Amino acid sequence: MDAQVLLVVSFIVVVAALAILSIRRKTYKGTKPILSAGIDGSALPRPSIADDPGKPVVRILYGTQTGTAERFSKQLGNELRSRYGDSTIVDVRDVETYKPEQKLATEKLVLFCMATYGDGEPTDNAAVFYSWLLKEAQEVEGGGKEPFLQGVAYAVFGLGNKQYEHFNEVGKKVYKSLKTCGAMPIVRRGDGDDDGVIDDDFEKWCAELLEVLDKSDLVGKRVNQNGQQTVPVSVPAYDVEVVRSADTREVAPFPSGSGKDVHSPFWAKITTVRELHTSQSDRSCVHVEVDVSGSGITYEAGDHIALFAQNSEAVVKRVADVLCFDLDALIVLSVPKAAGNGSNGDLPPPFPGPITIRTALSYFADVLSSPHRDALLALSTFAADREEAARLALLASPQGKQEYIDFIGKPHRSLLEVLQAFPSAKPTIGAFFGCIAPRLQPRFYSISSSPKLHHCCIHVTCAVVRDLMSTGRVHEGVCSTWLKRHGDGAAVPVFVRHSQFKLPQSPKIPIIMVGPGTGLAPFRGFLQERAALLATGMELGPAHLFYGCRSRHHDYIYQEELEAYVASGVLSNLHLAFSRDQSTKDYVQHHVERQAAILWPLISECGAHLYVCGDAKNMAKDVHKAFVGLVQTANGCTGTQAEAVVKELSDSGRYQRDVW
């Protein structure tokens, strides 16, 4: 293409992008058809001018664990503001900050983005709301309470992973419970699958939702017609105060709390970090011990611990260099007063201050994950170079979907790499932390110890992530790399999340555990628990452990411990699979299949509990098939019948999975 033509095209795209993100807002008058029926054909609630003389309000509530549901909620909020302008108030908020018992029955339209954590559990921030809603629905269903949400319209998008047995359980139950309580669904429930392309699932659902809203009177008048975006999407940004007083001291990034939940992490001391692989291994796995003495933390074998690790010094310096941030500057962030229809309310509460930019980048900026399109669109408004602005705007647009996949998606290009690729795009501090860099999330690990042996110390078994990306970048796991390099003797904010992945109530009940690699972690806690019980004279039921790794000589972790448990009777049988010690691959599922004659009587006659921990995408699927095959072989039944037996085990809590 001729250079002058390219320049003209780039200029047009930049102008369009800047128009989209202009601060000025315009409204247009027009007519809009009324939607008279819900998704099931019944009449939709109609906002009454007498009841609500002001603008219609769309409430978007999210339950999130890793930040995706929050991102989707804000993305949807921006789309609604762009589509309906100042005619509609859009309020996006963490469901934990919402008071459903006081407000939900008074709403006209509520949209939910609800993630499922683990195998069918609510996220930490949604647990209270979820429990409340299910209880209310149960009372209505039992006839003890009248449906109290009549007049409320709603839609639900669930986020989950199809590798889990209870895929999108929270989204499904929220959708059903709201309907039971009298609310009216206006569109089908959305099911986002994180094992696929969850952004595509969300965009498809959003398109259906927006089509319904355009035909309803649940929102104000649409201001952009024919797909042309005439109302800009705002770029949420914190107000930033640079503290220049020499007497001002930096505060801790996390006030030390009890360690009982995400809002109150405890600054624990790491007392031990040791390598578990032999010197012959080309990979790394570390055993970590975290001292939680003096906290309010209690845990059980099978629970999870979350660690707030930090970006490496080298990563922090590279970000600061490309953005021209002064690492030693002390800053205080605050949320500006909401303007227009409240887009500034999308900002999460700011982190504590004053803190240095170095500390802020270390603990609060996720710069090693790939940026999403909304971040790229915001970044484009700060690009001084027209071609860079146009390229970023294209990557952020629906028209640039394939370009995004090729440049960001497939190579897993990180936000830091994007910043380096577009050096003229220099966002303000407030915008960078407000809408460009997502919050760095805590990392969860299955606890590999038992409080019966280690009451004030929590053990973690952590594979150290180090991968060479197609862009040439060496990707190092934020938490695992930090633990290996800096963890020993360091302090780290932690909290414990309780799990349903538990031993049977009676130690006499047989257990069958499958956990290759670091999937061994919770079972190490189980075995410690059994060892403590055995020491008190308690009778134990049979315990089979299927463990696998690449090589007996490279990555057979906790070998001495496992062999000692066999010798003491804590572990009845240890089935080992070393995938690369012979010409043919040998995996844990192969050993499960071979032990059908021994395992089936334990399951069918003795009520054995089955446990699987580790990789969801491949191992857990293959082990599930092995269990189904085991049932089929032992009973001579069909595959469908065997699947039904395994499902019954799962539904009754006798088949549990802790997979990722």
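Observations, loosely collected:
- Yes/no for GLY151 being within 18 Å of MET114 (Cβ to Cβ) and either surrounded by fewer than 24 Cβ atoms within 10 Å (Cβ to Cβ) or in contact with a strand residue (DSSP E or B) (Cβ under 6 Å, 6 or more places away or on another chain) (or both): no
Condition check ((1) modelled with pLDDT of 95 or more; (2) in a loop (DSSP other than H, G, I, E, B)) across all residues:
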| position | (1), (2) |
| --- | --- |
| ILE34 | no, yes |
| PRO47 | no, yes |
| ARG71 | no, no |
| ARG81 | no, no |
| TYR84 | no, no |
| ASP91 | no, no |
| LEU104 | yes, no |
| PHE112 | yes, no |
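- Set ASP195, ASP191, ASP200: member being among the charged types (D, E, K, R) and either free of Cβ contacts under 8 Å to residues at least 12 places away in the same chain or not assigned by TED's automatic domain parsing to the domain that holds MET114 (or both): ASP200
- Hits in region 541-590 - residues which are among the basic types (Lys, Arg) and under 26 Å from ARG530 (Cα atoms): ARG552
- Residue that is at pLDDT below 95 and on the phi < 0 side of the Ramachandran plot, where the choices are ARG373, ARG391: ARG373
- Of the numbered criteria (1) within 30 Å of ASP467 (Cβ to Cβ); (2) modelled with pLDDT of 95 or more, the one ASP385 fails is (1).
- Residues of region 483-537 classified as assigned to a loop (DSSP other than H, G, I, E, B), among the small types (Gly, Ala, Ser), over 23 Å from LEU276 (Cα atoms) and over 25 Å from the mean Cα position of the chain (by Cα), total: 2
- Taking the conditions (1) modelled with pLDDT of 95 or more; (2) under 14 Å from ASP199 (Cβ atoms) in turn, LYS401 satisfies each one other than (1).
- Apart from one condition, VAL219 fits all of (1) touching a Pro at 6+ places or on another chain (Cβ under 6 Å); (2) assigned to a loop (DSSP other than H, G, I, E, B); (3) assigned by TED's automatic domain parsing to the domain that holds PRO56; the exception is (3).
- Close pairs (7 angstrom Cβ cut-off, 6 or more residues apart or separate chains): touching a residue at least 60 places away in the same chain (Cβ under 8 Å) in region 529-550, acidic (Asp, Glu) anywhere: none
The values are calculated or read from the model by the stated rules, or taken from the named source; none is laboratory data. This one's a predicted model, so the numbers in the text were calculated from it and none came from an experiment. Please note: Cβ atoms are built from the backbone with ideal geometry, for glycine as well, and neighbour counts cover all protein chains shown.
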